[in-house]
1. Please identify, among B:Asp179, B:Asp109, B:Asp228, the residue showing maximal mean-square fluctuation in a Gaussian network model of chain B using a 10 angstrom Cα cutoff.
2. If you average the sequence gap of Cα pairs under 8 Å that are 6 or more apart and divide by the length of the range A:260-324, what percent do you get for the contact order?
3. Out of A:Asp179, A:Asp353, A:Asp336, any idea which swings most in a Gaussian network model of chain A, alpha carbons joined below 10 Å?
4. Can you give the extra length, in nm with one decimal, that the chain gains between A:Ser112 and A:Leu263 once fully stretched, where that is 0.36 nm per residue apart less the Cα-Cα distance?
5. Do any residues of the range B:107-138 show a loss of at least 20 square angstrom of accessible area between the isolated chain and the full protein assembly, using a 1.4 Å probe, and if so which?
6. Of the residues B:Leu205, B:Leu79, B:Leu126, which exhibits the maximal mean-square fluctuation in a Gaussian network model of chain B defined by a 10 Å Cα contact cut-off?
7. Which lysines, on any chain, are close to B:Lys65 with Cα under 26 Å apart, when same-chain ones fewer than 8 places away are left out?
8. Distance between the C-alpha centers of the range B:206-229 and the range A:159-194? Whole Å please.
Amino acid sequence: MNNFLAALTLGAGYNSALVAIGATCLGVAAGVGGTFLFLRKRALVSDAVAHSTLPGVGLAFIIMVMLGGEGRSLAGLLLGSAASAFVGLLAVSWITERTRLAEDAAIGAVLSVFFGVGVVLLTVIQTMSSGRQAGLESFLLGSTAGMLFSDAVVIAVGGAATALATVLMRRPMTIVAFDPDYARSIGIDVPRIDLLMMALVMAVTVIGLKIVGLILIVAMLIIPPVAARFWTDRSSNVIWIAGLIGGSSGFVGSAISASAPALPTGPIVVLVCAAIFFVSLLAAPDRGVLAAVLRHRAFQRRVHRRQGLLALSRGEPIHDVMTLRVLSGEGLIRADGVATETGRSAAARAARDERRWDVARSLYQDTSLPGRYDGLTAIDTVLTRDEIAAIDREIGGPAALDIKGAS
Amino acid sequence: MAKTMPRVQLAAAGGEAVREDLSASPLAVRGLTVSYGNKPAVFSIDATFRAEAMTAIIGPNGAGKSTLLKAALGIVPRLSGRVTVFGEALDKARGRIAYVPQRASVDWDFPTRVVDVVIMGMQRELGLLRLVRPAHRKRAFECLERVGMVDFADRQIGQLSGGQQQRVFLARALAQNADIYLLDEPFAGVDAATEKAIIDVLKALKADGRSVVCVHHDLATVADYFDDAFFINVRKIAEGRIASIFNAETLQATYGGRLASTHIDQLRLA
């Protein structure tokens, strides 16, 4: 626990501090950059892009060794991974546009072929230069053990640039994500915006290889915006909430992994992010599961209450168990099912409301009013007192109805 | 050789004719063909929409009505043909043209509010860097006011009814302050109050010197709402004033035998 607190305050050693800063920057960039991927409903394309980086890593290593270098230069490897990710992206969009295959099939094909090629290359490298084993497998799941200051700088600068570009392009990207046809009609180059969006994703993937690795980077792109969506109904808020969620997962995750000797950073960061997602899924005020359940329960009670009251007003027997429970719970009926005094007057009010709606629907046929009837909305929340008075004159006065309802 | 000369000249004369003066028309297409796969959705369409008029595009399902609009706006690629807006190429005149898509074409659970959708209509003037100022917001509210939706400005769009969604889309187009408005089935599946609100806005636009083109499916209201009609069934069937072409003959030619004669009898025809 003390280790964890030390890590949280960047006091757990030089390497841990570097990792924490790197993971936080990466998390922010991934959350922000992934927002439009999620809004455009193209989350899985990023999976194909991420897996397509592997052959590039292998090829870049081989080329650098052949040129006489050491082969481990991070910048060189990232450049290679970006190039092959771009080829993978082009392959997905070419298959989708030019063949009859849908995008999901294209993603599956590209992802597995590129990943397969990458694994073969890594195996070749292992036999080729066993002496200078490059540890390229660490790009699969990330490895922060030997992180250098320059690595952290690459991640911080790259992450900041990605986030800035996203914020700058947020409006056209929002319009394209919401209504691509309309975007075209006002002269936005939709394919170019889509390409830019994928370029941002590629940038996040490449700078995330070191910490999170190519297999799990998708989680960092997708989970933060999905979780952020639970807390807001505005796309501009989704962007920064996603950045916040991504950044704090990076920070907390790296602190947890620094607090114990054998905890891998990337997977822990992703798990922290997933934990935030689950909390959002359950507890978010409007869109969360709990809120939805409570809302549905309340709605169900209102339906049963109303149906029960109308049945009482017509003197019909009530058979539905839940209706009986709701009515007796509110003291509207006695245990033997007979209406109490309050029950009778509530039933009369419900019947009067129903009758008013009947009249209102025929009086206001040409307006949107008939569409607002749902059996639950009280008419005096929709119409003014004067309008209701007019309706009551049509009916013959509320008094007459009260008597009829109570009888 | 001598024999072929006149042919060449004829072709040149024909070439001149193609470059006719279309600057009076807010939207004109010539030789427009669009195909999905190898089947033309619209074939070799010539259309010249009239300025300061309301035109209905009429035709059966699958006749290419929506495709005609989308191709005219460059939303779907043209296989051939030319589009002019007041005689200019489409890309030069984007700012003068506003589009109202079918409301079913988007995901209404998208995280955005009504007023934000309307502000999307100002993207051309906002560009990338300018911030949304109170003046833009005020204009967005004015557009919402015109379609009777100002009370819903802060609502999430997922909470709207179909008719309300349609009005928000219209408000977004109004925010563009365009000269020609292209609407795809604006009256489809909306309540009577919305239909009236929309038609009032469109008539006000016309009175203000703007032009309106609607894909329209309800033959019963054509004569009440529109000045001109464009009949299409993959090919152009007819275009012109309602008074001269909205008749049983054109309808039969457009719909084939699919339109019962009793139905035609009930319409207010020219």
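The values are calculated or read from the model by the stated rules, or taken from the named source; none is laboratory data. Here the structure is a predicted model, which is why all the values come from computation and not from measurement. Please note: Cβ atoms are built from the backbone with ideal geometry, for glycine as well, and neighbour counts cover all protein chains shown. Heavy atoms of the whole protein, side chains included, go into the accessibility calculation; ligands, DNA and RNA do not. Shrake-Rupley method; radii C 1.70, N 1.55, O 1.52, S 1.80 Å.
1. Largest GNM mean-square fluctuation: B:Asp109.
2. Computed over the range A:260-324, the figure is 15 percent.
3. A:Asp336
4. Numbers: separation 151, 0.36 × 151 = 54.36 nm, distance 2.83 nm.
Working it through step by step, the gained length comes to 51.5 nm.
5. Hits at the 20 Å² cut-off: B:Asp107, B:Asp109, B:Phe110, B:Pro111, B:Arg113, B:Met120, B:Gln123, B:Arg124, B:Leu128, B:Leu129.
6. In the Gaussian network model the winner is B:Leu126.
7. B:Lys39, B:Lys92, B:Lys196, B:Lys203, B:Lys206, B:Lys236
8. 33 Å
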